[in-house]
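**Q** My questions will all concern the structure given below.
The values are calculated or read from the model by the stated rules, or taken from the named source; none is laboratory data. Since we're looking at a predicted model, the values are computed, not measured. Cβ: placed from backbone, ideal geometry, glycine included. Neighbour counts: every protein chain shown. What goes into the accessible areas is simple: the full protein's heavy atoms, side chains included, and nothing from ligands, DNA or RNA. Shrake-Rupley method; radii C 1.70, N 1.55, O 1.52, S 1.80 Å.
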Amino acid sequence: MKLRNWMMALIASAAFAQEKQMTKFDFESDAAGQPPKGFELALTGKGRPGKWVVQAVRDAPSGKNVLAQTDGDTTDYRFPIAYTGPEMKDLRLSVKCKPIAGKGDQGCGIVWRLKDKDNYYITRANALEDNLHLYHVIEGRRVRFDGWNGKVASGVWHELAMEMVGDHIQVFFNGNKVIDAHDDSFKDAGKFGVWTKADSIIQFDDLTAIPK
């Protein structure tokens, strides 16, 4: 009986430690109409910097609040970012995202190993192009090095996720692995967050980072 109790305590302790390591943002403690607490807002490229606000919506994946980028500036090479910490190197990063509008783009993305607004990894799903792309951004220059073609519906919540350990990157869309790649452009820990392009109006929820 003592051994069994010890094993149960050990399992519970391990589960608690893993839960403590997870960082999750569901925006429920944020006020609607205000920027998200704990995030830095930045822009890669040109155009307006983006408007990041918390919104109360009926179909939020959890609770009632989501984070939205609501500025539809049509500048093509324009990438608004909202990022946060703690810094992580090897991690699983996921988000629920819903493309709302955009005539030029409807791209929702996640960024990681971010050093600053011009240096990071990004994977994004685009509802106008029906594809996912994987890029590194170095000194503000975005370079695609892998991708996947498949249906990305507008007006629907999707789950976009990635795992990176060392130089190995796996990207998942709605629970299915769609990209398996390697890249060593950024070897150190960095911050993580969400991303949009050009005139994309996108909602995000349940941004979750777990160290690997």
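**Q** Relative to the longest principal Cα axis of the chain, at what angle does helix 2-21 sit, 0 to 90 degrees, rounded to 10?
**A** Result, in degrees: 20.
**Q** Take the Cβ-Cβ distance between Ala101 and Glu139 as r, set R0 to 41 Å, and report the resulting FRET efficiency rounded to the nearest 0.05.
**A** Values: r = 31 Å, r/R0 = 0.75.
Once rounded, the FRET efficiency stands at 0.85.
**Q** State whether region 40-124 is rounded, prolate or oblate according to the following rule on the C-alpha gyration tensor (a ≥ b ≥ c being the square roots of its eigenvalues): a/c under 1.5 gives rounded; otherwise a/b larger than b/c gives prolate, and the remaining case gives oblate.
**A** oblate
**Q** So what is the 222 nm mean residue ellipticity for the chain from helices alone, if each DSSP H run of at least 4 adds -39500 (n - 2.57) and you divide by all residues, rounding to the nearest 500 deg cm²/dmol?
**A** On the way: 1 runs with 20 residues, N = 212.
Computed mean residue ellipticity for the chain: -3000 deg cm²/dmol.
**Q** Taking each pair of distinct Cα atoms in region 104-147 once, what is the resulting Kirkwood hydrodynamic radius in Å? Each step should come with its number before you reach the end.
**A** Numbers: mean 1/r = 0.0939 Å⁻¹.
Over region 104-147, the inverse of the mean reciprocal pair distance is 10.6 Å.
**Q** Keeping all protein chains in place, calculate the accessible area per residue for the chain (probe 1.4 angstrom), answer in Å².
**A** On a per-residue basis, the chain sits at 48 Å².
**Q** At a Förster radius of 41 Å, what calculated FRET efficiency corresponds to the Cβ-Cβ distance of Asp76 and Gln21, to the nearest 0.05?
**A** That pair, Asp76 with Gln21, gives E of 0.60.
**Q** Whose amide H sits under 5 Å from the amide H of Ala101, counting only residues 5 or more places off or on another chain, with H placed in the peptide plane?
**A** Answer set, sorted by chain and number: Ile201.
**Q** Can you pull the percent of the chain's accessible area that's carbon plus sulfur, 1.4 Å probe, other chains left in place?
**A** 51 percent
**Q** Next question. Under the Kirkwood approximation for Rh and a Cα-based Rg, what ratio Rg/Rh is obtained for the chain?
**A** 1.01
**Q** For region 102-195, build the convex hull from the C-alpha positions and give me its volume per residue in Å³.
**A** Hull volume over Cα atoms, normalised by residue count, gives 93 Å³.
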